[in-house]
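Trainee: Just dropping this structure here.
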Amino acid sequence: MSDVLLGTSLMRSSAVQTPRLTAVILDLFGTLVEAPSTVERSTAAHQFAEVLGVSSAAADSALSDSWQARHDGQLRTTAEVAAHLVARCSAPASRADELERLLAQLAHERLQADATLLQALKELRHSGVMLAVLSDASPDIAEAWSRSDLASYFDAAVFSCRVGAVKPAPQLFAAVLGTLGLAPHQALYCGDGGGDELAGAERAGMRAVRVERRGGPHGLAFGETAWAGRAIPEVEALPSLLSTWRDR
């Protein structure tokens, strides 16, 4: 093979190995919106207790004990979540409809985003990258997503309750990449680190960057592990970071 042809072959090989970064996949809670605090959790438990006619302690216990079922697909709809919590608290079945409405209301409130965050998402979209959200989420959040201010900025949204697994399960990362139609090395994953998500993204073949938990260090997170990789203070810093990574 001539030197010219060899050089061309090597250039093509290099292009295949280091494709242009074309998507950013973002966590939801603690990244795009604030992670819930213990105070918010206590307030929600009190609201549930009032609807169900039980003690706040009983409602809080039902919430804690149902986390896995609410997030891994065992409960598929907000109605199923409400019925499960009613049964778990031994409350009258007639309370389920009111609890379902409360769950929907709280989900809508949880998805409120800062104006600065929405501006950053707008900048990312204008730069030409695709955006996706990948989140451990219960059905009430998944059902509220399309009506949130965030939804219009994203090309895809993948929720654990729809896939049937929670982070860092490989099928979650495979699902979002498949929805986008991308190879792992074409995507950057960004999250606050809950659910061992950053290491999970790297194991899936993506680059990953950590953001400081939105809502502060006291926000609730599950399964967080140490992270020694790249970190930025908030999603608002992503447009600047991406400008240095797009062609690497």
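Trainee: Carbon and sulfur atoms: what percent of the 1.4 Å accessible area of the chain do they account for?
Mentor: On the way: 6160 of 11610 Å².
Using a 1.4 Å probe with all protein chains present, the chain comes out at 53 percent carbon and sulfur.
Trainee: What share of the DSSP beta bridges in the chain is antiparallel, in percent to the nearest 5?
Mentor: On the way: 0 of 19 bridges.
Percent antiparallel among DSSP bridges in the chain is about 0.
Trainee: Could you state the accessible area per residue of the chain in Å², with a 1.4 Å probe and every protein chain left in place?
Mentor: Values: 11610 Å² over 248 residues.
In whole numbers, the chain has 47 Å² accessible per residue.
Trainee: Return the whole-Å distance between the Cα centroid of the stretch 176-240 and the Cα centroid of the stretch 31-89.
Mentor: 26
Trainee: Sequence-distant or interchain residues sharing an amide H contact under 5 Å with A208, placed H: which?
Mentor: Sorted by chain and number, the residues that satisfy this are Y189.
Trainee: Residue by residue through the stretch 195-209, which ³J(HN,Hα) values in whole Hz follow from phi under the Karplus form 6.51 cos²θ - 1.76 cosθ + 1.60 (θ = phi - 60°), with glycine and proline marked x?
Mentor: My calculation for the stretch 195-209 gives x, 6, 5, 5, 5, x, 5, 5, 4, 7, x, 9, 7, 9, 9 Hz in order.
Trainee: Hey, another quick one. If we restrict to alpha carbons, what Rg and Dmax does the stretch 33-85 come to, in Å?
Mentor: Values for the stretch 33-85 (Cα only, Rg and Dmax): 11.3, 31 Å.
Trainee: Restricting attention to the stretch 153-228, which chymotrypsin sites (Phe, Trp or Tyr not before Pro) occupy a DSSP loop and are surrounded by at most 16 other Cβ atoms within 10 Å? Before the final figure, lay out each step's value.
Mentor: On the way: sites: Y153, F154, F159, F173, Y189, F222, W227; in loops: F154, F222, W227.
When the chymotrypsin sites (Phe, Trp or Tyr not before Pro) of the stretch 153-228 are filtered for loop state and at most 16 Cβ neighbours within 10 Å, F222 remain.
Trainee: Please work out the Kirkwood hydrodynamic radius for the chain, using every pair of different C-alpha atoms, and report it in angstroms with one decimal place.
Mentor: Numbers: mean 1/r = 0.0519 Å⁻¹.
About 19.3 Å for the chain.
The values are calculated or read from the model by the stated rules, or taken from the named source; none is laboratory data. Keep in mind that what you see is a predicted model, and the values were worked out from it rather than measured. Neighbour counts run over all protein chains shown; Cβ positions are idealised from the backbone, glycine included. Heads up: the accessible areas ignore ligands, DNA and RNA and are worked out on the full protein's heavy atoms, side chains in. Shrake-Rupley method; radii C 1.70, N 1.55, O 1.52, S 1.80 Å.
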